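Read the structure below first, then the notes.
The values are calculated or read from the model by the stated rules, or taken from the named source; none is laboratory data. As the structure is a prediction and not an experimental result, all values here were calculated from the model. Positions of Cβ are backbone-derived with ideal geometry, glycine not excepted, and every protein chain shown enters the neighbour counts. For the accessible areas, the whole protein counts, side chains as well, though only heavy atoms, and no ligand, DNA or RNA atoms are used. Shrake-Rupley method; radii C 1.70, N 1.55, O 1.52, S 1.80 Å.
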Amino acid sequence: PPPANAGRVPGPPDGGWGWVVVFGAFISIGFAYAFPKGIAIFFKEIQDFFGTSYSEIAWVSSIMLATTYGAGPISSILVNRYGSRPVVILGGLLCGIGMVSAAFCTSILQLYICVGFITGFGLALNLQPSVIIIGKYFLKRRPIANGLAMAGSPVMLCTLAPLNQFLFDNFGWRGSFLILGAILLNCCVAGALFRPIGAATTPVKTQVTEEGKDALKEEVTKDAMEMSSPMNITMETKTEEEGGKGCCEKVNQYLDFSLFKHRGFLIYLIGNVLMFLGFFAPIVFLAPYAKHIGIDEYSAAFLLSILAIVDMIARPTTGIIANSKWVRPRIQYFFSFSIAFNGACHLLCPLASGYTGLVVYSIFFGLAFGMVCAMLFETLMDLVGAARFTSAVGLVTIAECCTILLGPPIGGTLIDTFGDYRYMFIKCGAVMVLAGTFLFIMNYYNYRALAKEEKERKTKEEDPKSVRTENEGRNNWNKETAQDGPELEPLREEREGLKKEVNGT
């Protein structure tokens, strides 16, 4: 006989090769998040080169970020079909091709296509599989693993900000794009580390036995349909219904649209869509703002490095705190607080005067940014579970891409209109405080509703009357089935005979 655990999915190892996978995710997630921010170093020079406005140049980062998030469902479908490893390797190749092509662009529209769409799509194929595979390798230590993997973003940003400035000074923006395209090919190496983990291979003997059973079932069904014309009509109707549902079921295999009936998922989705309207604009415009008020180029780039260093420490620390027994049962509250804290930092930014004030702002911004990013996917997995997480990530990212696309250009429009960066920071801060407040209130309602539903379920299980009613209903159904009449008696006798023959063989 086949082993008892044949065909079962092995549990997450919570270690071992999983830490190598975390390292690979550290690299791919780092590039996916840090690259659209680090490339902002070139914006002032590209703006002067093409003679564009702030809002026009902001579309480069916006399109890249929106494509990274909007292509989430495509990435999730590819991961479900082919696994994480080939998808990340393909994403690394696209990133390299996009940046090398951007080095030869002669208009801002071509930059939108090469940097925005091609590189953005490559980053999408890096981000989703990296987040998904961590959930397959970790369960108990998942918040810590997510925090360590998410720390790749600040490490990469800390490295890319001064590196981009150095590359620009020595090779110009075109030469820098060529070198960055080669650097992004390291995502292919990261993808090679994503060893698949899944169901054990079913033995050949078991497969042959199952095929024999399927053949017997088909013969039994065929004989039964010939013996009873009413049953034949019923089977034909079911086949037609299944054919009609085929297309929807195929789509639902890869993207679980039933999540839109999940209360916690809807709360998370609305809060995040609102949050991303002000999440990325401040980090995109931080270096240009510093240059605008007269700070030299390297000091302006160093602000991003300060933000990244604090972010680097904040993410794993947040992961450890979120994994504690006091925070993990109510992690949604912690996430809501982090978003509101992030917004409060932006609201206070206009009070910062001079370089010292911007350094203080960068420290607090890095702390708040790291807290949000460390829990961004952990809170989603806490709500929907690991089994539905792949579909949830795809659906969330495509919904978020609209506000991610609009966030930086709206900020750029405010700068063009008023000639001042303060209104952009105030807008982003107000939106994020509103999103954090919404999530806090709605999560409180969700926790109360879940506790009430759990209490009702336990009461129903412990109530002897409800159990007795269920047993009586089951007995009545059995009696009605036994009294179906003499017309089905030949079919029952035939079925019993077939069962005995199958057992004999």
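Evaluating SER353 against the criteria (1) more than 28 Å from PRO162 (Cβ to Cβ); (2) open to solvent by 10 Å² or more (accessible area, probe 1.4 Å) leaves one unmet condition, (1). It is to be established whether one or more residues within segment 280-291 are modelled with pLDDT under 85 and in contact with a Ser or Thr (Cβ under 6 Å, 6 or more places away or on another chain). Yes, the conditions are met somewhere in segment 280-291.
Counting only helices (runs of 4 or more DSSP H) that sit completely within segment 251-339, those holding 3 or more residues that are open to solvent by less than 20 Å² (accessible area, probe 1.4 Å) and within 30 Å of GLU45 (Cα to Cα) correspond to 281-292, 297-322. From the list SER53, SER61, the one residue that fits, being of a type in the set (S, T, N, Q) and within 22 Å of the chain's Cα centre (by Cα), is SER61. Residue pairs whose Cβ atoms lie under 7 Å apart, sitting 6 or more positions apart in sequence or on different chains, and linking a residue in segment 188-206 that is within 14 Å of ALA25 (Cβ to Cβ) and modelled with pLDDT of 60 or more to a partner that is of a type in the set (Phe, Trp, Tyr) and open to solvent by 70 Å² or more (accessible area, probe 1.4 Å), are LEU193/PHE23; ARG195/TRP17. Look at segment 37-51: where a residue is farther than 15 Å from ILE283 by Cβ and touching a residue at least 40 places away in the same chain (Cβ under 8 Å) and a partner is among the charged types (D, E, K, R) and open to solvent by 10 Å² or more (accessible area, probe 1.4 Å), sitting 6+ places away or on another chain with Cβ atoms under 7 Å, you get LYS44/LYS291. The residue of segment 168-187 that is farthest from the chain's Cα centre (by Cα), among those that are modelled with pLDDT of 85 or more and open to solvent by less than 40 Å² (accessible area, probe 1.4 Å), is GLY175. Of the residues making up segment 422-465, those that are in contact with a Phe, Trp or Tyr (Cβ under 7 Å, 6 or more places away or on another chain) and at pLDDT below 90 are MET424, ASN443.
For (1) closer than 25 Å to ASN272 by Cβ; (2) free of Cβ contacts under 8 Å to residues at least 40 places away in the same chain; (3) open to solvent by 40 Å² or more (accessible area, probe 1.4 Å), each residue gets a yes or a no:
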site: GLY70; (1), (2), (3): yes, no, no
site: LEU78; (1), (2), (3): yes, no, yes
site: SER84; (1), (2), (3): yes, no, no
site: LEU109; (1), (2), (3): no, yes, yes
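Of all residues in segment 354-394, those satisfying the criterion of being at pLDDT below 80 and either closer than 14 Å to THR68 by Cα or among the aliphatic types (A, V, I, L, M) (or both) are ALA386, ALA387, VAL393, GLY394.
Between PHE389, PHE377, PHE418, which is under 11 Å from the mean Cα position of the chain (by Cα) and open to solvent by 10 Å² or more (accessible area, probe 1.4 Å)?
Within the list PHE389, PHE377, PHE418, the selection yields PHE377.
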